[in-house]
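The values are calculated or read from the model by the stated rules, or taken from the named source; none is laboratory data. These numbers come from a predicted model, not from an experiment. Virtual Cβ from ideal backbone geometry, glycine too; neighbours counted across all protein chains shown. Heavy atoms of the whole protein, side chains included, go into the accessibility calculation; ligands, DNA and RNA do not. Shrake-Rupley method; radii C 1.70, N 1.55, O 1.52, S 1.80 Å.
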Amino acid sequence: MSQNGFEDPHGDEPTQQVYIRRRIFALLALLLVLILLIWGFVSIVRALSGSSKNTDASASQATASSSSAAPFSDFTDRASASAHADNKDGDKDNKDKDEADNSASAQASDNAQEQKKEDDAQASASSEAAETAAAEPTQEQRTEDAAASETATAEPTEEQSPAVVSACSAADMAVSLTVDKNSYGAGQFPAMAVTYTNTAGTPCAVGGNAGTVDVNIISGPAQVYNYAQCNAAAADPAEIAAGATDTKVITWDRSLNVLGCGTKRTIQPGHYWATASVNGVHSKPVRIIVTG
């Protein structure tokens, strides 16, 4: 009944539980149908597979029966006695012919080998004769070789020139300085002897550039005189043998050449220190006393 007293013609609506049951039944029905379809498909595939296997077995049996039908069908009858005799005669003739051919071939091969041996012997003899002629020079060749040897001996090459001697250094030379007096009066010039000795076991060279042998004189910290400054003449290198000694004497004119090589000024009385050097190797300082 409705609120206004009339009955609803459509009835009550289905509840939620009823709706869910209907859905479950529908799904079960659909699943059953799907299972039936799958089962039908599998059955059809199996039926087709069995039919194919039966067909292959029938074909295999037919092939086996055909192959075993006539096992001796390929064989032929044996030849008659007359045919066999003819074949023996033909084989004998062929054998005789082959033996004749082989004999002729062997004879030809022997002849060819003998000819080759003769050719090899002639070639070997010719080669030995040529080698003998080449190994024994003629008289003219001997004369030319002797002249060339004498020329080479008389004219030394650059490789035969003597080796260049290295310059003496502190490792192979000792330098010392001595003066001729203890003191010098007015008008006396100190004479200084520079001595250098080759202490190495091999020769070395001194010289070759300006100021190789030098004497330097100072007074306290002040520079007074330098020999090489005003004596710049270059000297050729002089070789000093191992253990040899050489000496050079330098005389000081008491000039004060630190002011220039052309100066006329001379030193005042006092104490001075002189040091010698050769190729850059220095001696110990020596004192020079000037009294007047």
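For this structure, a couple of remarks:
- Out of Ala222, Ala232, Ala244, Ala228, sole residue that is more than 17 Å from Val286 (Cα to Cα) and either surrounded by fewer than 11 Cβ atoms within 10 Å (Cβ to Cβ) or aromatic (Phe, Trp, Tyr) (or both): Ala232
- Check on Ala244, closer than 18 Å to Met173 by Cβ and modelled with pLDDT of 95 or more: yes
- Strands (runs of 3 or more DSSP E) lying entirely in region 179-292 (those with 1 or more residues that are under 30 Å from Ala163 (Cα atoms) and either in contact with a helix residue (DSSP H, G or I) (Cβ under 6 Å, 6 or more places away or on another chain) or touching a residue at least 24 places away in the same chain (Cβ under 8 Å) (or both)): 191-198, 204-206, 213-219, 238-240, 245-251, 270-278
- Whichever residue in region 252-270 is surrounded by fewer than 12 Cβ atoms within 10 Å (Cβ to Cβ) and closer than 17 Å to Gln188 by Cα and, among such residues, is modelled with the lowest pLDDT: Lys264
- Residue check: Trp273 meets all listed conditions (1) open to solvent by 40 Å² or more (accessible area, probe 1.4 Å); (2) closer than 23 Å to Asn182 by Cα; (3) out of contact with any Pro (no Cβ under 6 Å at 6 or more places or on another chain) but one, namely (3).
- Taken over region 259-284, the criterion of being of a type outside the set (Val, Ile, Thr) and under 22 Å from Gly207 (Cα atoms) is satisfied by Ala274, Ala276, Ser277, Asn279, Gly280, His282, Ser283, Lys284.
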